Every structure is written in C-alpha cells, then in structure tokens.
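Trainee: Got a structure for you, written out below as structure tokens; questions coming shortly.
Values in this text are rule-based calculations from the coordinates and carry no lab data. This structure is a prediction, so every number in the text was calculated from the model and none was measured. Please note: Cβ atoms are built from the backbone with ideal geometry, for glycine as well, and neighbour counts cover all protein chains shown.
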Amino acid sequence: MPTDFLRVLRALHDSQVRYVLVGGLAVLLHGVDRLTADIDLVVDLAPEQASRAVAALLALDLRPQAPVDALQFADPAVRKRWRDESSMVVLSFWDPQNRFPTVDVFAEYPMDFDILHASSVLMHLSGTDVHVASIEHLMQIKRAAGRPKDLEDVGRLALLRDGKTL
C-alpha cells in the first residue's frame, strides 16, 4: 500500500493551495488509532485555488480515476455537471506507479469552506503545515457520510473530545 501521504500534502502546501484534510488521515492525526489508505481533501473551490490543487496533484503524476479532464475541475459548471450526471462526490486521483495513496478531492463543500478552514488545526508535519479539520467539523462531516466506519470514527472522536480513554 502506498504511504507517502506527506509528499502529497507538501506539494499542496508548496503550491499555496487552501485546503483542509478530512477523512481517516485527519482522524489519525487527531490521535485516534485508525488505518486509512487515502487522503480526503476539501479544497477551496474558487477557480484559481481549484486549478492550483489539480496542478499540484498532476505534477506528482497522479491521474483522475474518472474519465475526465482533471483541469476542468476548476470550472464550477463542469463540477456541477459531473455531480448531476454521475453523482460525483469526490474526484479521485490515483498513482499509476503506486507511490502515493489515492487522493479524494470533494467536488462540493461538505460544509462552509471558510468556517472549516478557519477552525482547522494547523499541524506541522516534517516541516509542512497541514490544515486538519477540527474534531467537531470532522465529526459533522463523518456523520453526514453515515457509513458504518464513519460513524465509528464519530464515536471515537467524541471520546477523544471529551477526554475519555479510547
């Protein structure tokens, strides 16, 4: 399993992409012991920011899993069409050389981006600043997803938030 999470996050940071890490990796970084095989990101969907995010991922030789032109992700009308026609929730990027984990980029905000970003926890990982969703917002996003593993994460995050032993 490819595990070079940090290089992907560093590429986004170096490209000055406004993003917030959500999903299993965010849960893990908050201190909940959990396995994950991908990177889940909410990026600023303003066209310039979305373009930067896609360019950073493409520069790592990541490719979209869907048969789409990833550069069109920056266009709100195109993203809306992808969501409407194929129920796309995220645009997934994969590494044909299997060096990096899959990167899932939300095609629409799961909540207000400015609030999510402003309340994110800035973590410093090997010299890279990483914006990680706050525990409360991570719980909110995972509740909305509603999958059993997400609801399990919510329970474990609630214990962490409340200062109880995991």
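Trainee: Report, in deg cm²/dmol and to the nearest 500, the calculated mean residue ellipticity at 222 nm for the chain, where each DSSP H run with n ≥ 4 adds -39500 (n - 2.57) and the sum is divided by the residue count.
Mentor: Calculated from helices alone, the mean residue ellipticity at 222 nm is -12500 deg cm²/dmol.
Trainee: Also, quick follow-up: With angles folded into 0 to 90 degrees, how steeply does helix 5-14 sit against the dominant principal axis of the chain? Use alpha carbons for both and round to 10.
Mentor: Around 60 degrees separate the two axes.
Trainee: With all pairs of different alpha carbon atoms counted, what Kirkwood hydrodynamic radius in Å does the range 1-109 show?
Mentor: About 14.0 Å, per the Kirkwood formula over Cα pairs.
Trainee: All other residues with a Cβ under 12 Å from the Cβ of His13 taken together, and with Lys, Arg as +1 and Asp, Glu as -1, what is their net charge?
Mentor: So the environment of His13 carries a net charge of +2.
Trainee: So for the chain, averaging the separation of alpha carbon pairs under 8 Å that are six or more residues apart and normalising by length, what relative contact order in percent results?
Mentor: 26 percent
Trainee: Got a sec to turn the phi values of the range 33-50 into Karplus ³J(HN,Hα) couplings, 6.51 cos²θ - 1.76 cosθ + 1.60 with θ = phi - 60°, whole Hz, x for Gly and Pro?
Mentor: Result, rounded to whole Hz: 5, 7, 8, 8, 10, 9, 10, 9, 10, 10, 9, 4, 8, 4, x, 5, 5, 4.
Trainee: So what J values fall out for the range 120-130 if you push phi through Karplus, 6.51 cos²θ - 1.76 cosθ + 1.60 with θ = phi - 60°, rounded to Hz, Gly and Pro as x?
Mentor: Per residue, the Karplus-derived 3J(HN,Hα) values read 5, 9, 7, 10, 9, 10, 6, x, 10, 7, 10 Hz.
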